[in-house]
Structure formats: structure tokens, C-alpha cells
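The values are calculated or read from the model by the stated rules, or taken from the named source; none is laboratory data. In this text the structure is predicted, and so the values were computed from the model without any measurement. Glycine gets a Cβ as well: all are built from the backbone with ideal geometry, and neighbour counts include every protein chain shown.
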């Protein structure tokens, strides 16, 4: 999942994207900018006019139909300022996510779960693993990460090798955390089909309402 899928880009973020695209490819077309940033061609032209007036870019006409866009030093400086602001905002979001996962981890520890398996080797598991790795005081042991996507099996996520779900019934642990939102119900059903005890299934998101 990319940030573009999760957020509605603000004007400042769009400005950063346009300047970044031009900086990386002086031959980029307005149509390509429109598709990448997710804005109309008329809006692209409006932005380019604005950035040219501010001295961020220069148009270089090769013909009546072919235009190159060159980012100026002022434009590069503006892009750096926007990038720092963007990174600062995403770091605040990441910090908030880590705080929430830490709270959740402490809650399951209080319930007696200390050796757990993550089911789902995606972004949720990655944040959990990073949170645990960054805080040595968290008394929890991740004994495995499993995923049903065989293309992920054998690869690593935050220094942990991804396994198939056969380890769920073959390795000592206290519970399985469903570490996925989009595949939450499918994972729950898979665990039930494997004969896994319901009272050992942990939920970061709302408990499944699937019928059995």
C-alpha cells in the first residue's frame, strides 16, 4: 500500500510530486504528470504556469508540441523544503502507529501471551516487528511470521523469515495474531479450518463476524 492510496494528496504534496517528477525526468509530459499525480491535464498546466512564475521551473520549447521542463536551483531548494515537511509529517504518523502497537502488545502480554506468531507478512506485521525490535524492554517473543502467499515464503520481514502456515500447529507458542486488515476474515477462516483454538487467536483489528 502506497501513501498515495492511503491519503488524499494535499496541494503541497502535489507540488512536491510535480517538482520531483520534473527533477527526475526533464522529458516528462503533462499527461504523464497527470497520471502519476492523479490530477487533470488542465490542473497540471495550471501548476506548471505557477511554478514557472515562481522561478521553480523553466520551459524549453523543442517545437510547438514538444516541451522540456527543467527544474531550477530555486525549484530544487523548494523541493527539499517540501520533502523535509513531508518526512516530518510521515514520521509523526509512524510514531503514532508505533505507540498504538506498543499499547496493544502490552495488553496481550497482560493476558498471558508472550510467544506469538504473526499471520500475515505485510505492513501491519512489519510495524509490529519494528516496534518490538526498537524496544528491548517489551517482553514478547515472535516465534514466527506466516503467510499464505507462497511467493513471500522464505523471504524476510524485519530480519524474520516468513514461513507457511504449517508451523502454526508445529511450533510452541501462546497465540496467533492476525496481522492483516484486508485478509482478516480469510486468515481467521484458515485458522479455524486448521483446527486452531479460537481463544488463542488475537485481533489487532475488530474481531471477525464470519459465520462458522
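Summary of computed values
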item: Number of the exception - residue 65 against (1) free of Cβ contacts under 8 Å to residues at least 12 places away in the same chain; (2) under 23 Å from the mean Cα position of the chain (by Cα); (3) not assigned by TED's automatic domain parsing to the domain that holds residue 191; result: (2)
item: Boolean, residue 176 is within 19 Å of residue 121 (Cβ to Cβ), modelled with pLDDT under 95 and crowded, with 17+ Cβ neighbours inside 10 Å; result: no
item: Qualifying residue in region 73-96 (condition: over 27 Å from the mean Cα position of the chain (by Cα), at pLDDT 95 or above, surrounded by 13 or more Cβ atoms within 10 Å (Cβ to Cβ) and more than 30 Å from residue 128 (Cβ to Cβ)); result: yes
item: Residue tally, condition under 20 Å from the mean Cα position of the chain (by Cα) and not in a helix (DSSP H, G or I), over region 97-122; result: 5
item: Criterion violated by residue 115 - all others in (1) surrounded by fewer than 16 Cβ atoms within 10 Å (Cβ to Cβ); (2) at pLDDT 95 or above; (3) over 30 Å from residue 194 (Cβ atoms) satisfied; result: (3)
item: Residue among 153, 168, 158, 145 that alone is at pLDDT 90 or above, touching a helix residue (DSSP H, G or I) at 6+ places or on another chain (Cβ under 9 Å), surrounded by fewer than 18 Cβ atoms within 10 Å (Cβ to Cβ) and outside the structural domain of residue 23 (by TED's automatic domain parsing); result: 158
item: Failed item, numbered, when residue 75 is tested on (1) closer than 30 Å to residue 122 by Cα; (2) in contact (Cβ under 8 Å) with a residue 40 or more places away in the chain; result: (1)
